[in-house]
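The values are calculated or read from the model by the stated rules, or taken from the named source; none is laboratory data. The structure presented is a predicted model; accordingly, all values stated were derived computationally and were not measured. Glycine also receives a Cβ, built like all others from the backbone with ideal geometry; neighbour counts cover every protein chain displayed. These area figures cover heavy atoms from the full protein model, side chains too; ligands, DNA and RNA do not enter into them. Shrake-Rupley method; radii C 1.70, N 1.55, O 1.52, S 1.80 Å.
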Amino acid sequence: MDLGLKGKRALVCASSKGLGLGCARALAGEGVDLVMNARGAEALEASAQAIRDEFGVKVVAVAADITTEEGREKVLKEAEGVDILVNNAGGPPPGMWTDWDRDDFIKALDANMLAPIALIKALVPAMIDRGWGRVVNITSQSVKAPIPVLGLSNSARAGLTGYVAGTSRQVAGKGVTINNLLPGIHATDRAVSLDQGVSKAQGISMDEAKAQRCAGIPAGRYGTAEEFGAACAFLCSQHAGFIVGQNLLLDGGGVNSTM
Ligand code: NAP
């Protein structure tokens, strides 16, 4: 299927690795020029160059912390006028509900709620002027089913989800869609670090920790960044203009609910 994206430009935040990189690669495969971002310049430039080599699209790499105002300013200098925005950043650390104070919540809100909202506010007006745009926010399955040790993530991502629910309906009539992609467990560095936490806490091997987690996923495996990227590219496509304010769960059936 031709997604109708050739020649478009996208900003994909936090995309040197993992799910963000999966989205960047899938969009590049459709002929989309990219602005890619991550904090670590070396891994970012390596991923950007690999995409230039493989797909022949233009890629500008901006090393910056997307959760800070200065970082976003740097990125936005290169990303002005993009047609597609993929919001992403690292997730907050795990802990117990008694662990977190106000500063921890502010940090989580900055990273996983206020940063994507700031980028939406910066980039969507020009999409509206051109009558076409796509925003995809990478959130988490924790929006549908809480992960108790990730209370900071549960809270911040629920806030973004509420914002998107209303805002997406305010901009849909202007040709701009905003949707969320909700990853369940995917085979990225983040999953490795979650498995390391379980392995340490329970005194079991990494393989055992992974097998334990897979047992709770009907598909019996972790998702891949490629599958995730393909779903993102579809949500950005010309065919997805009627999908507005939705929360698409990619979790191999892990969240046990009817809807
Ligand atoms: P990952 O493999 O650890 O990759 C994270 C990427 O984001 C890296 O490129 C990293 O590069 C970049 N990054 C992190 N913090 C950043 C920041 N402040 N500014 C700019 N770039 C930043 O993580 P992932 O698995 O792809 O996860 C992506 C998001 O999905 C996270 O929010 C995670 O919590 C959420 N999620 C993941 C899963 C999963 O199973 N993988 C499940 C549910 C939710 P630098 O470190 O160099 O900045």
Check your understanding: Which FRET efficiency, nearest 0.05, do D129 and E45 yield, Cβ-Cβ r, R0 45 Å?
Key -> 0.90
Point to revise | Highest-MSF residue in the chain out of T139, T177, T224 [GNM, Cα springs under 10 Å] | key: T224
**Study point:** In nm, spacing of pseudo-spin labels at T258 and K77 (7 Å Cα→C-beta vector)
**Key:** 5.4
**Study point:** Mean separation of Cα contacts under 8 Å, 6 or more apart, over the residue count of segment 99-239: relative contact order %
**Key:** 25
Revision key, fill the gap. Mean-square fluctuation maximum in Gaussian network of the chain, Cα pairs under 10 Å, restricted to D33, D101, D65, hits D101
Check your understanding: How much length is gained if the chain between S205 and F242 is pulled fully straight, taking 0.36 nm per residue apart and subtracting their Cα-Cα distance, in nm to one decimal?
Key -> 8.8 nm
Revision key, fill the gap. Expressed as a percent, the accessible surface of the chain that is carbon or sulfur, using a 1.4 Å probe and the full set of protein chains, is 55
Exercise for review: In Å and from the alpha-carbon atoms only, list the Rg and Dmax of the chain.
Suggested key: 17.7, 56
Exercise for review: In a Gaussian network model over the chain where Cα atoms closer than 10 Å are linked, find which of L44, L34, L150 has the largest mean-square fluctuation.
Suggested key: L150
Practice item. Count the lysine pairs in the chain whose Cα atoms sit under 18 Å apart, keeping only pairs 8 or more residues apart in sequence or on different chains. Key: 9
Check your understanding: In whole Hz, what ³J(HN,Hα) sequence does segment 183-196 give by Karplus (6.51, -1.76, 1.60; θ = phi - 60°), x for Gly and Pro?
Key -> x, x, 6, 10, 6, 10, 4, 4, 5, 4, 5, 5, 5, 4
Practice item. Please work out the average accessible area per residue across the chain, using the 1.4 Å probe convention, and give it in Å². Key: 48
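Pop the C-beta distance of F105 and A187 into the FRET formula with R0 = 25 Å and round what comes out to the nearest 0.05.
Working: r = 30 Å, r/R0 = 1.18.
Rounded to the nearest 0.05, the efficiency is 0.25.
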Review point. Separation between the A165 and R221 pseudo-spin-labels, each 7 Å from Cα along Cα→Cβ, expressed in nm?
Key: 3.5
Review point. Calculated from DSSP H runs of 4 or more alone, at -39500 (n - 2.57) each and per residue, what is the 222 nm mean residue ellipticity of the chain, nearest 500?
Key: -14500 deg cm²/dmol
